[in-house]
Amino acid sequence: MKKLLYAALFVLGATAFWQCDDPEWESAAIGTWGAPEVSFPIAGGSTAVKFTATKGWSISIDYPEGAIQKDWCTVSPMSGGAGDNEITITAAQNETFEDRTVDVVVHSGSASKVYKVTMPSKNELAAEVHEFKDLSYEEQIIEVPLVSNVEYKVNISPEAQEWISQVESKAEPVKDTLYFKIETYRTGLLPRETSITLTNTALGAYEQIDISQNPGPTLVVDPALSEIDGKKQEVTVSLVSSAAWKLTQEEATAWCKLTGTGPEGEKGEYELVFSVEEALTKHVPPYSR
């Protein structure tokens, strides 16, 4: 009976000794503190993670297949011994428009632990042109090159929607370019202005494009014809012009003369005063424009 007991103890001791010498058994113990995922903001930064290992360990940084940048994540130190350990994972600022991910793997013997490192992409909404000033009065298409990797809304003020609208390109499509049609502007006297905004409220993104368009050549005289009695008097006429103007007397008459302003001027608003002599017969207008 004693011989059987000694034999059993010998077998148990040998089994325990064999387990301690087995590398697979030893390296199975790698402990971690905290979550196995490490997230960084767009600006990047550093964070420390802790783990235990029963023997020496090393680090590998495994980028996904097809990754363009493979240097944005670093780890220090890259190796160490058994016991309690701490490594620092550092991520560089993300200047790309792609989300980033990489696996930081702790290897110890045949065992391993993975820290999955993630980083969001850079969000951008940027128009390359912010101003279209003094557009001519003719109908035309303006182009707004745009850099964006987020959804956005195009806003045109209601009062400007009669003369400006978003359209598609008639040529081959150009990536990230907005096209706006500007209608002909013939009836106005002063430039018209508006702003188009591109917004993404959730991200706080906002871009503004200012637009102004000059009117076509316009000349308005009010009144164009004045029927007056034969008394000596003054007649006042308002003139609004979007271009340079000049009054020309069609016949040599002395009964109606322009006083004060004129007989020519630049674009703008004017008040013309004519001095009319007493008439014995009916006179016809002496001026043309």
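Here's a check for you: in the stretch 141-152, which residue that is assigned to a strand (DSSP E or B) and modelled with pLDDT under 90 is surrounded by the fewest Cβ atoms within 10 Å (Cβ to Cβ)? Write out each step before concluding.
So the first thing to find is which residues in the stretch 141-152 are assigned to a strand (DSSP E or B), and the list is 141-148.
Among the residues that remain, those that are also modelled with pLDDT under 90 are: 146-148.
On the way: 146: 19, 147: 12, 148: 18.
It comes out as 147.
Would you list the strands (runs of 3 or more DSSP E) that sit entirely within the stretch 160-249 and hold 2 or more residues that are closer than 30 Å to residue 130 by Cβ? Walk me through how you get there before you give the answer.
Details: elements: 164-167, 177-182, 192-200, 205-213, 219-222, 233-241.
The qualifying strands (runs of 3 or more DSSP E) are 164-167, 177-182, 192-200, 205-213.
Considering each of 218, 177 in turn, give the residue that is at pLDDT below 90 and either surrounded by fewer than 15 Cβ atoms within 10 Å (Cβ to Cβ) or closer than 21 Å to residue 143 by Cβ (or both). Give the derivation first.
Details: 218 fails: either surrounded by fewer than 15 Cβ atoms within 10 Å (Cβ to Cβ) or closer than 21 Å to residue 143 by Cβ (or both).
The unique qualifying residue is 177.
Taking the stretch 70-119 only, how many residues are part of a loop (DSSP other than H, G, I, E, B) and either out of contact with any Asp or Glu (no Cβ under 6 Å at 6 or more places or on another chain) or not assigned by TED's automatic domain parsing to the domain that holds residue 46 (or both)?
16
Scan the stretch 129-163 for residues that are farther than 30 Å from residue 45 by Cα and under 15 Å from the mean Cα position of the chain (by Cα) and jot them down. Reasoning before the result, please.
Here is the first cut: in the stretch 129-163, the ones farther than 30 Å from residue 45 by Cα are 129-145, 153-163.
Within the stretch 129-163, 129, 130, 131, 143, 144, 145, 153, 154, 155 meet the criteria.
Condition check ((1) in the same structural domain as residue 184 (by TED's automatic domain parsing); (2) free of Cβ contacts under 8 Å to residues at least 40 places away in the same chain; (3) exposed (fewer than 13 other Cβ atoms within 10 Å of the Cβ)) across all residues:
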{"residue": "203", "(1), (2), (3)": "yes, no, no"}
{"residue": "209", "(1), (2), (3)": "yes, no, no"}
{"residue": "225", "(1), (2), (3)": "no, no, yes"}
{"residue": "260", "(1), (2), (3)": "no, yes, yes"}
{"residue": "272", "(1), (2), (3)": "no, yes, no"}
{"residue": "279", "(1), (2), (3)": "no, no, no"}
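The values are calculated or read from the model by the stated rules, or taken from the named source; none is laboratory data. It should be emphasised that the depicted structure is a prediction, and the values quoted were computed from it without experimental measurement. Note that each Cβ is placed from the backbone with ideal geometry, even for glycine, and that neighbours are counted across all protein chains shown.
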